[in-house]
Amino acid sequence: MIVPLLLLLAVLPPAAAPPSTMDWGRGVAPQDDEVQRAEAWPEFGNKPELKQCISRVRKARTEEMATKGAHQLEEIGAAAAPFLLKSLKSEKDGEARARMEAVLDAITGPEHTRLLAETLDQDSDAPRRYAARRIAQLGDAGLQKRSEAFLAELTERAADKRARKPIEPVDLDLAAVLCLSTGSNAGLERVIQLASPEPWKTWGPAIERASAHAKSAGDGIGAELSGRLSKATSPGDRVVYLRLLTYAGSKDQVSPVVPLLDAEENQVKVAAINALRMIVDGDAPLKRLSSFDAIERAQRWKSRL
């Protein structure tokens with residue numbers, strides 16, 4: 001059995017996890033103002049060779065065969081993307097899809113988001129879900145209206161009990177994260193649900209990345225989260241808003257964070273410290289922090305602000 005290192009979530013049911021074969025990526029999203037968005041996929045003259053390479057990845061009987069095919073496709077580059085997306089449409093094997101998606105991740109970049117967005121119109125789950133995930137990972141504020149329309153269409157179809165093909169929760173989740181990545185708050189309520197403790201274990205990296213892109217797109221999401229945080233009273237709500245604000249917020253939006261350095265609940269105090277670390281200093285959040293360490297760090301932050 002060939003299981004790529006990037007195959008993290010393919011074995012989980014769709015309602016529980018995003019259909020991704022790799023880490024969504026953490027950290028601060030780069031500015032995309034100067035990205036030149038491609039209007040067409042590159043051409044590759046030898047289509048029989050290209051199809052043969054894809055076949056090696058899809059039907060690999062050994063890890064060596066899969067690796068060889070993947071390397072060949074990476075050398076071909078973005079010209080292979082439309083053929084891989086088409087192959088995803090008919091591929092039933094989860095591991096084969098995972099291998100193809102890993103190659104697609106390797107050959108696509110921010111310049112390809114508009115081309116990937118064309119795949120959002122497809123009725124086939126695999127390529128549509130891949131496109132939504134990859135665009136959200138790469139970020140493109142220029143697709144805000146398209147992402148909102150995508151979410152609205154899926155929401156309408158999900159409510160139609162007579163629909164020929166039901167829309168699964170994961171489709172709405174991906175669409176909401178995609179909207180977030182463009183700076184739209186159209187799916188924010190659903191993202192907030194995904195930021196609660198249990199789904200956060202799976203969706204955390206996706207939401208962090210999308211939140212960082214949202215910050216690059218403008219201050220709308222950060223302002224909304226900051227406003228909600230200022231009114232939140234339950235520890236659970238405060239932690240959720242702080243998680244999102246950590247990557248989406250700016251320095252002029254931290255006023256509701258500072259009082260939470262005195263929170264009695266350690267999880268709230270830690271979340272406030274992590275938000276300030278990222279927003280003010282650009283430092284990654286701390287995964288583990290004892291109560292004693294949290295108190296000391298909170299005091300240091302209070303003396304700075």
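Overview of results
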| item | result |
| --- | --- |
| Calculated from backbone phi, Karplus (6.51, -1.76, 1.60) coupling profile of segment 274-288 in Hz, x at Gly/Pro | 5, 4, 5, 4, 6, 5, 8, 9, x, 8, 5, x, 8, 6, 10 |
| Residue order, fewest to most beta carbons within 10 Å, for Val57, Val170 | Val170, Val57 |
| Over 13 Å [Cα-Cα, segment 112-177], rounded percent | 60 |
| Table column - 3J(HN,Hα) (Hz), segment 185-195, Karplus curve with 6.51, -1.76, 1.60, x for Gly and Pro | 9, 4, x, 5, 4, 6, 4, 4, 5, 5, 8 |
| Cα convex hull of segment 195-305, projected area averaged across orientations, nm² | 6.2 |
| Unit charges on C-beta of K, R, D, E only; dipole of the chain, Debye | 520 |
| Hydrodynamic radius (Kirkwood) for segment 76-137, which is based on Cα pairs only, to one decimal in Å | 11.4 |
| Ratio Rg/Rh [Cα only; Rh per Kirkwood] for segment 34-145 | 0.96 |
| Expected-Rg normalisation [2.2 N^0.38 Å, Cα atoms] applied to the chain | 1.07 |
| For segment 182-202 and segment 100-145, distance of Cα centres in Å | 19 |
| Amide H contacts of Ala60 (H built 1.01 Å from N, under 5 Å, at least 5 apart or other chain) | none |
| Whole-Hz couplings from phi, Karplus 6.51/-1.76/1.60, listed for segment 116-129; x for Gly and Pro | 5, 4, 5, 6, 5, 7, 6, 7, 6, 5, 4, x, 5, 5 |
| Exposure proxy ranking, count of Cβ atoms within 10 Å, fewest first, for Trp301, Trp203 | Trp301, Trp203 |
| Ordering of 140-150, 238-248, 261-271 by packing [mean C-beta count within 10 Å, highest first] | 238-248, 140-150, 261-271 |
| Options Ala102, Gln72, Leu50, ranked by Cα towards positive dipole end of segment 38-108, top entry (Cβ charges) | Leu50 |
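Coordinate-derived values only; no laboratory data. Quantities reported herein were computed from a predicted structural model and do not represent experimental measurements. Cβ coordinates were reconstructed from backbone atoms using ideal geometry, including for glycine residues, and neighbour counts include every protein chain displayed.
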